[in-house]
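Structure record follows, encoded as structure tokens.
The values are calculated or read from the model by the stated rules, or taken from the named source; none is laboratory data. Predicted, not measured: the structure shown is a model, and the values here were computed from it. Ideal geometry is used to build each Cβ from the backbone, glycine not excepted, and the neighbour counts take in all protein chains shown.
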Amino acid sequence: MEHSPVKSLEKTQQTVINGLSVDVEDWFQVGAFENVIDRDDWDDLSLRVEDNVLRILDMFAEAEVKATFFTLGWVAQRHGSLMRRIVDAGHELASHGYDHARVFNFDRQEFGQDIAKAQKILEDASGVKITGYRAPSFSIDQRTPWAYEELAAQGYRYSSSVAPIAHDHYGWREAPRFAFSPLRGSDLVEIPVTTAILGGKRVAAGGGGFFRVLPYAFSRWAIRQVNREENRPAVFYFHPWEIDPDQPRVPGAPIKSRLRHYTGLKQMSAKLRGLIGEFAWGRMDEVAEREALLAHATSDEWGE
Ligand SMILES: [Zn+2]
């Protein structure tokens, strides 16, 4: 049987491997609740992250995909054996900072201490070297020019810490949409979370609340556009608490935060399975390696 040109083209384009990532934090550690739940009370709350990550590991094993788990040092400190299970299953373990403090609230020295602390805990728990970083709440932006210097100085190979979009809590709207080299003379590469272009505007398409709240058809359209028309990998993320409809409800949180946090939790697992089955996915360090070559070209255009 002969293949039509359309079919073989489709096949080639399907070989774009997208980055699949999980931001490993518990239900009470999200940015939306930081003014309602005090860090000092975290140890009194029920920990659900381990069970949820185990369910994610099963889901990934079933679908035969590998991913990156950007994990808080705070979580790794309490769940050392879980870190080893993530690594033993063939996934990448990477850093999400120590306790979800945003980068733009640190000065350079504090940021350096935070990433060093998280890295040591993660490495001691897992026995592997940590070379990837994702800032809590995508909090690397124009206010933190020193963040990349600090990451490079501490041996990180890549960061996936920028949302190149305007959002109410975060976003660096002038940043490139795809991988770029943030530092001259360094191999460090930044791989922003995915956006798509809709009506000439950048729209968030890499996960989080958008994925849960909007119909799956939107995410499918966006990732197809990025893979097929732009021929680049998408970077998608979700959290363990997003597949946990039975998590405790946080009273006193603003209505907007509650809507964003609790909508679509029941449908999330099925939606994720659909997404994982429909596209090709892999670890972020592997995406970073492939994207590094293109990153230099982007940064030259961007920098001048
Ligand atoms: Zn996070």
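Go through region 239-267 and report how many residues are outside any loop (DSSP other than H, G, I, E, B) and either within 16 Å of the ligand (Cβ to nearest atom) or farther than 29 Å from residue 36 by Cα (or both).
Selection size over region 239-267: 7.
List the residue pairs whose Cβ atoms are under 9 Å apart, where the first residue sits in region 19-31 and is under 8 Å from residue 72 (Cβ atoms) and among the polar types (S, T, N, Q), the second is within 8 Å of the ligand (Cβ to nearest atom) and at pLDDT 95 or above, and the two are 6 or more positions apart or on different chains.
So the pair list comes out as 29/72; 29/100; 29/136.
What is the one condition in (1) more than 18 Å from residue 67 (Cα to Cα); (2) of a type in the set (A, V, I, L, M); (3) in a helix (DSSP H, G or I) that residue 287 does not satisfy?
Every listed condition holds for residue 287 apart from (1).
Select the strands (runs of 3 or more DSSP E) contained entirely in region 144-238, then report the ones holding at least 3 residues which are out of contact with any Pro (no Cβ under 8 Å at 6 or more places or on another chain) and surrounded by 14 or more Cβ atoms within 10 Å (Cβ to Cβ). It would help to see each step written out before you state the result.
Values: elements: 195-198, 201-204, 235-238.
So the answer is 235-238.
Within region 30-61, work out how many residues are assigned to a helix (DSSP H, G or I) and either basic (Lys, Arg) or over 21 Å from the mean Cα position of the chain (by Cα) (or both). Step through it out loud before you land on a result.
Our first condition is that a residue be assigned to a helix (DSSP H, G or I); within region 30-61, this holds for 31-33, 39-44, 49-61.
Checking the rest, the ones that are also either basic (Lys, Arg) or over 21 Å from the mean Cα position of the chain (by Cα) (or both) come to 39-44, 55.
Number of matching residues: 7.
Determine the pairs where a residue that is at positive phi, located within region 64-75, has a partner that is among the aliphatic types (A, V, I, L, M) and within 12 Å of the ligand (Cβ to nearest atom) with Cβ atoms under 6 Å apart, the partner being 6 or more residues away or on another chain.
none
For residue 62, only one of the following conditions fails: (1) closer than 21 Å to residue 238 by Cβ; (2) within 16 Å of the ligand (Cβ to nearest atom). What is its number?
Condition not satisfied by residue 62: (2).
Of the residues that make up region 239-261, is at least one under 19 Å from residue 160 (Cα atoms) and either more than 21 Å from the chain's Cα centre (by Cα) or not β-branched (Val, Ile, Thr) (or both)?
Looking for residues that are under 19 Å from residue 160 (Cα atoms) and either more than 21 Å from the chain's Cα centre (by Cα) or not β-branched (Val, Ile, Thr) (or both), one finds at least one in region 239-261, hence yes.
Residue-wise test of (1) assigned to a helix (DSSP H, G or I); (2) surrounded by fewer than 21 Cβ atoms within 10 Å (Cβ to Cβ); (3) within 16 Å of the ligand (Cβ to nearest atom).
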{"site": "75", "(1), (2), (3)": "yes, no, yes"}
{"site": "85", "(1), (2), (3)": "yes, yes, no"}
{"site": "125", "(1), (2), (3)": "yes, no, no"}
{"site": "129", "(1), (2), (3)": "no, yes, no"}
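Against the condition in contact with a Leu (Cβ under 6 Å, 6 or more places away or on another chain) and over 13 Å from residue 32 (Cα atoms), how does residue 233 come out, does it pass? Don't jump to the end; show me each part of the working.
Values: in contact with a Leu (Cβ under 6 Å, 6 or more places away or on another chain): no; over 13 Å from residue 32 (Cα atoms): yes.
Answer is no for this residue.
Give 90, 80, 31 a once-over and let me know the one that is closer than 19 Å to residue 288 by Cβ and small (Gly, Ala, Ser). Outline the logic, then answer.
On the way: 80 fails: closer than 19 Å to residue 288 by Cβ; 31 fails: closer than 19 Å to residue 288 by Cβ.
Selected residue: 90, the only one of 90, 80, 31 that is closer than 19 Å to residue 288 by Cβ and small (Gly, Ala, Ser).
Can you tell me which residue in region 52-61 is nearest to residue 289 (Cα to Cα), limited to those that are touching a residue at least 60 places away in the same chain (Cβ under 8 Å) and not polar (S, T, N, Q)? Even if it seems obvious, please write down each step before you answer.
At the first step, the residues of region 52-61 found to be touching a residue at least 60 places away in the same chain (Cβ under 8 Å) are 52-53, 55-56, 59-60.
When the remaining residues are screened for being not polar (S, T, N, Q), the result is 53, 55-56, 59-60.
On the way: 53: 26, 55: 28, 56: 25, 59: 25, 60: 22 Å.
Looking at the filtered set, the residue picked out is 60.
Taking residue 103 as the residue in question, decide whether it is in contact (Cβ under 8 Å) with a residue 40 or more places away in the chain and within 23 Å of residue 143 (Cβ to Cβ).
Details: in contact (Cβ under 8 Å) with a residue 40 or more places away in the chain: yes; within 23 Å of residue 143 (Cβ to Cβ): yes.
In short, yes.
Taking region 131-153, which residues are within 16 Å of the ligand (Cβ to nearest atom), among the charged types (D, E, K, R) and free of Cβ contacts under 8 Å to residues at least 40 places away in the same chain?
Once the filter is applied, which keeps residues that are within 16 Å of the ligand (Cβ to nearest atom), among the charged types (D, E, K, R) and free of Cβ contacts under 8 Å to residues at least 40 places away in the same chain, region 131-153 yields only 141.
Name the residue, out of 40, 114, that is at pLDDT below 95 and either within 16 Å of the ligand (Cβ to nearest atom) or farther than 21 Å from residue 288 by Cα (or both).
Answer to the check: 40.
Restricting to region 87-101, give me the number of residues that are within 16 Å of the ligand (Cβ to nearest atom), surrounded by fewer than 23 Cβ atoms within 10 Å (Cβ to Cβ) and among the aliphatic types (A, V, I, L, M).
Residues that pass the stated criteria total 1.
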